[in-house]
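Remarks on the structure that follows.
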Ligand SMILES: Nc1ncnc2c1ncn2[C@@H]1O[C@H](COP(=O)(O)OP(=O)(O)O)[C@@H](O)[C@H]1O
Ligand SMILES: [Mg+2]
């Protein structure tokens, strides 16, 4: 079976340049996704709750526990907030792109912006690191994502944008 990639859009091309390595290792391990969806929305903070609910509703097909859904929502909020505040400096005309893929017992969610990008990803991921202490940010966003998801990958390039890919296994039935 082949992945269902019909046409490559301009956004896909931008996105591919952000993710330098082939990120298909997960597909090799977990098999082909059984369902997927993409949403895009303006970088407005009122859309953060829309994104949480939309992704949660989609993931519900896998029959996750309430805790698992709440973990995913929490992690997703952090990534979306980062794109709005850091990536786009709260420019409401910019767009955020989310792709959610479902595997048999696993979820893969990518959150992407084409904003300012991160100069030093390693430093950005450190607990308590924030470049916006003026906004009273806690610097715990990436730590929260790592705590509530099984794996978090960050791809970013200064001036081009940022793509965060988060994975979670839903173990409730095990
Ligand atoms: N989408 C993004 N675009 C640009 N920079 C980002 C993005 N996400 C995170 N960062 C950078 O990583 C830092 C750490 O993020 P995070 O752990 O969420 O802490 P906080 O948001 O409280 O600053 C941010 O301060 C910012 O410099
Ligand atoms: Mg943050």
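Every number in this text was worked out from the coordinates using simple rules, so none of it is lab data. In this text the structure is predicted, and so the values were computed from the model without any measurement. Note: ideal-geometry Cβ built from the backbone for every residue, glycine included; neighbour counts use all protein chains shown.
Listed highest first by mean packing, meaning other Cβ atoms within 10 Å per residue, what order do 146-159, 108-121 come in?
Numbers: 146-159: 16.4, 108-121: 20.1.
Final packing ranking: 108-121, 146-159.
Build a GNM of the chain with springs between Cα atoms under 10 Å apart, and of 102, 76, 62 the one that fluctuates most is 62. Using 0.36 nm per residue and subtracting the Cα-Cα separation, the extra length available between residue 147 and residue 81 on full extension is 22.1 nm. Relative to the longest principal axis of the Cα atoms of the chain, the long axis of helix 46-59 lies at roughly 20 degrees. Simple spin-label estimate for residue 10 and residue 74 gives 3.9 nm between the two label positions (7 Å along the Cα-to-Cβ direction from each Cα). If you plug the beta carbon distance of residue 34 and residue 125 into 1/(1 + (r/R0)^6) with R0 = 35 Å, you get a FRET efficiency near 0.70.
Taking label positions 7 Å along the Cα-Cβ direction at both residue 61 and residue 91, the computed distance is 3.4 nm, reported to one decimal.
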